[in-house]
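Right, one structure below, let's go through it.
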Amino acid sequence: MPPTAILTVASKARRTLTLTIAAALGAGVMVAIPSAVSAAETTLGAAAAQSGRYFGAAIAAGRLGDSTYVNILNREFNSVTAENEMKWDATEPSRGSFNYTNGDRIANHAIARGMKIRGHALLWHAQMPGWAQSLSGSTLRSAAINHVTQVATHYRGKIHSWDVVNEAFADGTSGGRRDSSLQRTGNDWIEAAFRAARAADPGAKLCYNDYNTDGINAKSTGIYNMVRDFKSRGVPIDCVGFQSHLTNSVPGDYQANLQRFADLGVDVQITELDISGSNQANVYATVTRACLNVARCTGITVWGIRDSDSWRTGQNPLLFDAAGNKKAAYTSVLNALNAATPNPSPTPTVTPPPGGPCRVGYTLNAWNNGFTSAITVTNTGSSAINGWSLVFTLPSGQSITGGWNATYSPASGQVTARNVSYNGSIPAGGSVEIGFQATHTGNTAAPSAFTLNGSTCSRA
């Protein structure tokens, strides 16, 4: 990631839309097959959204008073990352004293416009506040985990993806960890950070983020091995970020590298993209297509908006020039996004799937003696539901310790989850997302049945 100091870094298409309906028919849902062609979108965010992805930018709170900057941001992007405003030195300038003013300014700007937010970054060996730099060992570990907990809790429910840990692996051929004061607190510090982040904000995607990992090399393989280990042991990791600060070319195995991480069961995201050099437009298109070709590549973020906003001074690595004009690289990205296969959300008819006018999706992320679950409740009926309660029975040994977007009672056995004030109405075809954290004694099975206001729900 770009720190505040300078580092050295290495035609619009129309298409016929065909929908596969076998799965929907199997669920008892009728869908319409549109016969018209789909017009190309004219902005980056809208073009990315066609395939279910985001296209974002890293932004600075101090530039939100610049009308040219803000107009481009609001028009083109559907996701934002705070450049520096959510890092440790900004959010906890003195121990135990937190300042969220500028981070909140960015978050509120995004939320008001329906943009996703990537949280960046909870722990990083650089841009630690001076007081944290003076700590070591168990004292630093305690301070770091408290920082993760406090910041993730403050932004709970607002963040799409957190860069929980940033740049913890060394460059070179070792494939090992970077020597830092955080690493010297014990090799499990990354795992501890991810567990703390999950407990603080169970609804956010938790990412590891790094640079010089764009191809298959010793560093990316070291990270790959860590992610594989985490997944095998139930450490909560959901995504890996590839910064992709590039010059004139992209590694030939870039897409293969993204795919091998996706094959571990995590999302991949291009998190800090900027590209310099005379071949800029072609490389931007190549990177965009690589993401589109990997089903679990969920989005792309460029590190800045205009060339004049870039940390790579004088290299002009972004999609807009200093005056805010679109560059050739912009057009190449937009064309690549518009050429992707759309991923629309078919609208169900009034015919409900077997089991009643509701459908429930249930996912679980478990570790040694605990887990978090996410539940999506969809109203598949023909009219809105106003006020709801979802009943399910937890398997033996499971007990809820906390939840979000619903109230849960009792903590074990047959549980009733009731709506809270802001999500009591579920429109026809609409959904609510709820979830909880729980302990277990070895059995992490899902509830076998869910009923919504007395009607049995089908399972997604």
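The values are calculated or read from the model by the stated rules, or taken from the named source; none is laboratory data. These numbers were taken from a predicted model, which means no experiment stands behind them. Virtual Cβ from ideal backbone geometry, glycine too; neighbours counted across all protein chains shown. Please note that ligands, DNA and RNA were not included when accessible areas were found on the heavy atoms of the full protein model with its side chains. Shrake-Rupley method; radii C 1.70, N 1.55, O 1.52, S 1.80 Å.
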Averaged per residue, what accessible surface does the chain expose to a 1.4 Å probe, in Å²?
-> 40
Treating every alpha carbon of segment 279-436 as one equal point scatterer without solvent, the Debye formula yields log10 I(q)/I(0) values at q = 0.08, 0.10 Å⁻¹ of -0.46, -0.65
Taking the Cα atoms of segment 69-109, report the difference between the largest and smallest coordinate on each principal axis, in whole Å and largest first.
-> 39, 15, 14
How much solvent-accessible surface does W303 expose, in Å² to the nearest 10, with a 1.4 Å probe and all protein chains in place?
-> 10
Karplus (6.51, -1.76, 1.60) ³J(HN,Hα), θ = phi - 60°, over segment 130-135, in Hz, Gly and Pro reported as x | x, 5, 6, 4, 7, 9
Expected vector for segment 432-437, Karplus 3J(HN,Hα) from phi with 6.51, -1.76, 1.60 and θ = phi - 60°, integer Hz, x for Gly and Pro, equals 10, 10, 10, x, 7, 10
Segment 390-436 - percent relative contact order, Cα under 8 Å, separation 6 or more = 41
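Q133 to N368: FRET efficiency via 1/(1 + (r/R0)^6), r the Cβ-Cβ distance, R0 25 Å, to the nearest 0.05?
Details: r = 32 Å, r/R0 = 1.29.
Efficiency for this residue pair is about 0.20.
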For L135, other-chain or 5+-apart residues with amide H closer than 5 Å (H placed, Pro excluded) are none
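For segment 140-212, give the magnitude of the charge dipole about the Cα centre (Cβ charges: +1 Lys/Arg, -1 Asp/Glu; no others), in debye to the nearest 20. Mind showing how you got there, number by number?
Working: 9 positive and 8 negative charges, 61 e Å.
The calculated dipole for segment 140-212 is roughly 300 debye.
Using Stokes-Einstein with the Kirkwood hydrodynamic radius over Cα pairs, what translational diffusion coefficient do you get for segment 187-234 at 4 °C and a viscosity of 1.567 mPa s, in µm²/s rounded to a whole number? If you can, show how the numbers build up before the last one.
On the way: Rh = 11.9 Å.
It comes out at roughly 108 µm²/s.
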If you count, for each residue, the other Cβ atoms within 10 Å and average over each peptide, how do 383-393, 241-251 line up from highest to lowest?
-> 241-251, 383-393
Using bins 5 angstrom wide from zero, how does P(r) for segment 133-266 break down, in % of all Cα pairs?
-> 2, 10, 19, 22, 20, 15, 8, 3, 1
What dipole magnitude, in Debye to the nearest 20, does the chain give about its Cα centre under +1 on Lys/Arg Cβ and -1 on Asp/Glu Cβ?
-> 740
Under a plain spin-label model, where a point goes 7 Å from the Cα along Cα-to-Cβ, how far apart in nm are S389 and T331?
-> 6.2
Put +1 on the Cβ of every Lys and Arg and -1 on every Asp and Glu Cβ in the chain; which of G222, S51, N419 then has its Cα farthest towards the positive end of the dipole?
-> N419
Exposure of Y408 as accessible area (Å², to 10), given a probe of 1.4 Å and all protein chains | 50
Short version: ³J(HN,Hα) in whole Hz for each residue of segment 88-102, in order, from phi by Karplus 6.51 cos²θ - 1.76 cosθ + 1.60 (θ = phi - 60°), x for Gly and Pro, what are they?
-> 4, 5, 7, 8, 9, x, 10, 4, x, 10, 10, 10, 10, 4, 6
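Can you tell me how much longer the chain between D66 and S232 gets when fully stretched, taken as 0.36 nm per residue apart minus their C-alpha distance, in nm with one decimal?
Values: separation 166, 0.36 × 166 = 59.76 nm, distance 4.70 nm.
Working it through step by step, the gained length comes to 55.1 nm.
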Which one is right for this structure if log10 I(q)/I(0) by the Debye sum over Cα atoms at q = 0.07, 0.08 Å⁻¹ is calculated from it: (1) -0.34, -0.44; (2) -0.53, -0.64; (3) -0.38, -0.50?
-> (3)
With a Förster radius of 30 Å, plug the Cβ-Cβ distance of T101 and T376 into 1/(1 + (r/R0)^6) and report the FRET value to the nearest 0.05.
-> 0.30
List the residues whose amide H sits under 5 Å from the amide H of T271, counting only those 5 or more places along or on another chain, with H placed 1.01 Å from N in the peptide plane.
-> F242, Q243, T301
